[in-house]
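Heads up, the thing below is written out as structure tokens.
The values are calculated or read from the model by the stated rules, or taken from the named source; none is laboratory data. Source: prediction; values computed, not measured. Note that each Cβ is placed from the backbone with ideal geometry, even for glycine, and that neighbours are counted across all protein chains shown.
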Amino acid sequence: MDKLEKANADRYVQLENIEMTFTTKKGTFNALSNINLNIKEGEFISIIGHSGCGKSTVLNLIAGLLAPTEGFLFCAGREIAGPGPERAVVFQNHSLLPWLTCFENVYLAVERVFGPGSVDNETKVQLETRTHAAIALVGLTHSSDKRPNEISGGMKQRVGIARALAMEPKVLLLDEPFGALDALTRANLQDELMKIMAKSGCTAVMVTHDVDEAILLSDRVVMMTNGPSATIGEILEVNLARPRDRLALAEDHDYNHLRSEVLRFLYERHAKKVA
Amino acid sequence: MTNSTIAIDKIETTKLKTSELALKARALFKWLIPPAFGLLMLLAIWTIISQQSPNLPGPIKTWYSAIELFSDPFYDNGPNDKGVGWNILASLQRVGLGFGLAALVGIPMGFIIGRFEFASKMCAPVISLLRPVSPLAWLPIGLLVFKAANPAAIWVIFISAVWPMIINTAVGVSKVPQDYMNVAKVLNLSEWKIVTKILFPYVLPYMMTGVRLSIGVAWLVIVAAEMLTGGVGIGFWVWDEWNNLNVEHIIIAIFVVGIVGLLLEVVLTQIAKKFSYE
């Protein structure tokens with residue numbers, strides 16, 4: 001790998017001097033200030049912070065759903081000008097279309113990315129094969145003809161993940177993907193996500209408020225200060241070997257050290273004042 | 001010993017059966033009694049008023065007149081004397097045409113207004129200005145433009161039915177959750193896919209509400225419009241019977257209009273239920 005390529009791989013997703021100001025009825029609100037972040041190709045990044053610190057805003061900026069007031073965002077060397085299928089999003093509330101079956105929900109995404117009019121221009125059979133493969137990847141083949149309201153919350157979120165992964169995105173964006181799930185389901189899905197990410201090797205950015213989730217899944221944890229004018233307070237490298245096992249890590253000294261680092265950041269230095 | 005047990009068992013089961021039957025009867029009773037009571041009250045009030053006012057026929061007189069009338073609903077003695085069946089069908093046809101045109105125009109317009117802010121702001125003053133106008137005020141314009149009574153009546157139905165469809169569809173479109181629109185954005189869906197896969201299924205229940213309101217208004221308006229335009233139709237029939245001073249027939253017409261309106265409502269509610277994705 002020559003130097004230029006190496007540099008590009010190190011700055012696969014790039015956030016440069018981001019300022020984000022919202023105009024509301026009560027006036028302007030400076031949500032984010034001076035955000036600088038480089039994400040490596042294949043890296044798993046978590047963004048953690050108290051609620052209201054603008055971590056979802058960062059994710060929406062990378063997704064292209066929001067445009068920054070100032071600053072620039074790049075993905076794979078190109079400026080992010082709007083949403084696109086190369087940056088797939090797993091939404092917090094799954095956002096499946098309730099009138100479509102699980103299969104149809106995933107197919108909608110697959111059809112757009114690989115179907116008629118795309119570069120690949122695949123046939124219907126190929127598209128269906130892709131869809132089935134994505135649903136099988138999250139272990140939901142038996143429920144693929146069910147509608148979202150007929151399956152559990154964890155299953156819905158899996159379909160959301162399948163939909164995102166089926167698009168073969170360059171970057172996977174996860175907005176508190178397991179926030180609405182019970183602890184056991186969450187742990188299961190975290191383990192599955194780790195396996196899937198290891199297989200696909202795609203870059204991921206996850207917003208979370210769960211310290212254990214952040215450390216377990218990530219290569220780096222980005223900790224944000226409280227808003228308004230929230231910024232990146234500290235970035236923690238998670239040098240734990242993969243594959244990671246939650247049971248072994250529970251006893252691991254390094255893991256617990258990292259965990260207390262994050263906790264100290266969140267609850268000592270940047271404690272949220274309870275109104 | 002065993003015999004007596006069996007006998008007791010038998011008694012128990014029959015008891016159970018009768019109690020089950022009693023339960024069902026009670027449910028039926030509960031379901032039937034209040035509406036029946038309401039209708040009886042209506043008949044009672046009607047009877048009392050008819051006894052005070054000698055020109056107003058009572059329920060019994062009207063009933064016999066109705067039996068006579070409906071024994072031959074489809075006779076045809078020239079353009080001014082047709083059976084009540086023909087009149088109802090003529091009115092339904094006008095409502096169907098006017099309403100169909102209103103749906104054809106109103107639903108796509110509602111989509112455009114709900115989807116594009118510019119269109120919404122553009123149409124808002126026009127809609128606010130024209131919507132409160134009584135549909136009958138449009139009748140002279142219809143007569144002037146179409147130079148015939150029948151298209152003018154259909155035009156009035158159109159103009160009265162189009163607003164609820166535009167407004168309800170537009171409200172539905174504007175209420176589509178941002179989450180679904182974000183999905184559309186992230187997937188980069190084409191406008192056609194957004195309409196068919198996201199907007200249309202979401203808006204359908206709102207649209208059906210608009211359709212129901214529209215058909216209600218259309219059926220309300222047709223009677224008045226036909227009184228003014230003449231020809232064949234339930235509205236004209238009412239006016240004709242007033243000129244004949246056949247008050248029984250006017251009362252029958254009121255019931256007929258009510259029952260047909262109710263049936264339209266029931267049918268559309270059933271269709272709406274079919275289309276709901278939940």
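Per-structure values
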item: Answer from A:227, A:201 - the residue that is surrounded by fewer than 18 Cβ atoms within 10 Å (Cβ to Cβ), touching a residue at least 60 places away in the same chain (Cβ under 8 Å) and in contact with a Gly (Cβ under 7 Å, 6 or more places away or on another chain); result: A:201
item: Top-ranked residue of region B:186-199 - restricted to ones that are buried (at least 18 other Cβ atoms within 10 Å of the Cβ) and closer than 18 Å to residue A:83 by Cα, ranked as farthest from the other protein chains (Cβ to nearest Cβ); result: B:194
item: Index of the failed condition, residue B:211 passing every other in (1) touching a residue at least 60 places away in the same chain (Cβ under 8 Å); (2) outside any helix (DSSP H, G or I); result: (2)
item: Answer from A:128, A:86, A:122, A:168 - the residue that is acidic (Asp, Glu) and at pLDDT 90 or above; result: A:128
item: Qualifying residue in region A:128-147 (condition: touching a residue at least 24 places away in the same chain (Cβ under 8 Å), touching a Cys at 6+ places or on another chain (Cβ under 7 Å) and within 14 Å of chain B (Cβ to nearest Cβ)); result: yes
item: Residue list for region A:87-127, restricted to those being over 20 Å from residue B:199 (Cα atoms), in contact (Cβ under 8 Å) with a residue 12 or more places away in the chain and within 13 Å of chain B (Cβ to nearest Cβ); result: A:87, A:88, A:89, A:90, A:92, A:113, A:114, A:115
item: Selection within region A:215-251 - within 26 Å of residue A:30 (Cα to Cα) and outside any strand (DSSP E or B); result: A:225, A:226, A:227, A:228, A:229, A:231
item: Selection count where residues are among the small types (Gly, Ala, Ser) and in a loop (DSSP other than H, G, I, E, B), scope region A:168-202; result: 3
item: Unique residue being over 28 Å from residue B:132 (Cα atoms) and of a type outside the set (Ser, Thr, Tyr) when the list is B:228, B:220, B:245; result: B:245
item: Sole exception among (1) part of a loop (DSSP other than H, G, I, E, B); (2) over 29 Å from residue A:240 (Cβ atoms) for residue A:31, by number; result: (1)
item: Number of the exception - residue B:232 against (1) assigned to a helix (DSSP H, G or I); (2) in contact with a strand residue (DSSP E or B) (Cβ under 8 Å, 6 or more places away or on another chain); (3) not acidic (Asp, Glu); result: (1)
item: Residue that is nearest to residue B:110 (Cα to Cα), among those in region B:174-183 that are in a helix (DSSP H, G or I) and facing chain A (nearest Cβ under 9 Å); result: B:180
item: Criterion: at pLDDT 90 or above, part of a helix (DSSP H, G or I), of a type in the set (S, T, N, Q) and farther than 30 Å from residue B:148 by Cα - qualifying residue of B:47, B:18, B:5, B:13; result: B:47
item: Check on residue B:98, in contact (Cβ under 8 Å) with a residue 12 or more places away in the chain, closer than 20 Å to residue B:158 by Cβ and not aromatic (Phe, Trp, Tyr); result: yes
item: Counted residues, region A:55-86 - those being closer than 18 Å to residue A:23 by Cβ, β-branched (Val, Ile, Thr) and within 14 Å of another protein chain (Cβ to nearest Cβ); result: 1
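Rundown of residues vs (1) at pLDDT below 90; (2) surrounded by fewer than 12 Cβ atoms within 10 Å (Cβ to Cβ), yes/no style:
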| site | (1), (2) |
| --- | --- |
| B:234 | yes, no |
| B:238 | yes, no |
| B:243 | yes, yes |
| B:260 | no, no |
| B:268 | yes, no |
| B:273 | yes, yes |
